[in-house]
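Here is the structure we will look at.
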């Protein structure tokens, strides 16, 4: 509660107004009112590897966000009349308080909103694999390094303008067989954390695009097997690994829900499933969280 001592003069009214604005901006809720724009952040705080949906109402020009040093383009949803975009934290983002910068084309003064990133324990996954699948020979190692470089280059060349729209959807309805973000212990040695989610899928199950975008990569790699990467614009990519068949080509525009291939067991895995991942401006985030919070964009 904010209190004043004595009568409300012009001087203390000014300080009272400042105090109220600070209270509104720093309160734990996820709704903010800046100038003539209503901003909602869902959730208002999130953990490492997680994501938030930012929506803006009443913007008179196209808004822009800057989060962790990167511009985040937004999409206008005519159905519900809001601008929408996503911000997220990588698995290795340091916990702490950060600032989300929001700009408007008709407003030279940026707005800053405090966002807290929490530490997140995603658990541990232990896997036992044949020695030859873990201890790579020289030729295989060189191949893996080339493939890693190829994928990194794809992530650096996103379409500047968003191609996605509305709610994001699952590529298939399978249950989770391995969660996102867990530490990988392979043959008793710690490896990179799981950067996607593994969904149960028998060989030959149709896989669908999670949202509208351009096919940026079609390949068969040592670890991920038959693989597809879709560029959804604005720095968002989706990945589909271990396929048995691919039915799209690089440069093809796919719509949300379009069939893009069939699940399988290609690459380095112990059984058939779909590895589904999303990169958000270079950051590894839980794809199922993004899908869940995007439901309000219907």
Inset, instruction - Can you bin the range 124-297 into rounded, prolate or oblate? Criterion: square roots of the alpha carbon gyration tensor eigenvalues sorted a ≥ b ≥ c, rounded for a/c under 1.5, prolate for a/b above b/c, oblate for the rest. - result: prolate
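Rank the residues 76, 240 as a footprinting-exposure proxy: fewest other Cβ atoms within 10 Å of their Cβ go first.
Going from sparsest to densest Cβ surroundings: 76, 240.
Rank these for me by crowding, 275, 232, 245, going from fewest to most other beta carbons within 10 Å. Write down the numbers at each step before the final one.
Details: 275 23, 232 27, 245 15.
Taking fewest neighbouring Cβ atoms as first place, the list is 245, 275, 232.
Order of 193-202, 165-174 by packing, highest average Cβ count within 10 Å first? Write down the numbers at each step before the final one.
Working: 193-202: 21.2, 165-174: 17.8.
Ranking the peptides 193-202, 165-174 by packing returns 193-202, 165-174.
Using a 10 Å cut-off on Cβ atoms, rank the peptides 214-221, 246-253, 261-268 from the highest mean neighbour count down. Mind dumping the intermediate values first?
Working: 214-221: 18.1, 246-253: 13.8, 261-268: 20.8.
Ranked from most to least packed, the peptides come out as 261-268, 214-221, 246-253.
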Inset, instruction - Please arrange 222, 86, 112 by counting, for each residue, the other beta carbons lying within 10 Å of its beta carbon, fewest first. - result: 112, 222, 86
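Read-outs throughout are calculated quantities, based only on the coordinates presented, and are distinct from any laboratory measurement. Since the model is a prediction, treat every value here as computed from it, not as a measurement. FYI the Cβ positions are ideal-geometry reconstructions off the backbone, even for glycines, and counts take in every protein chain you see.
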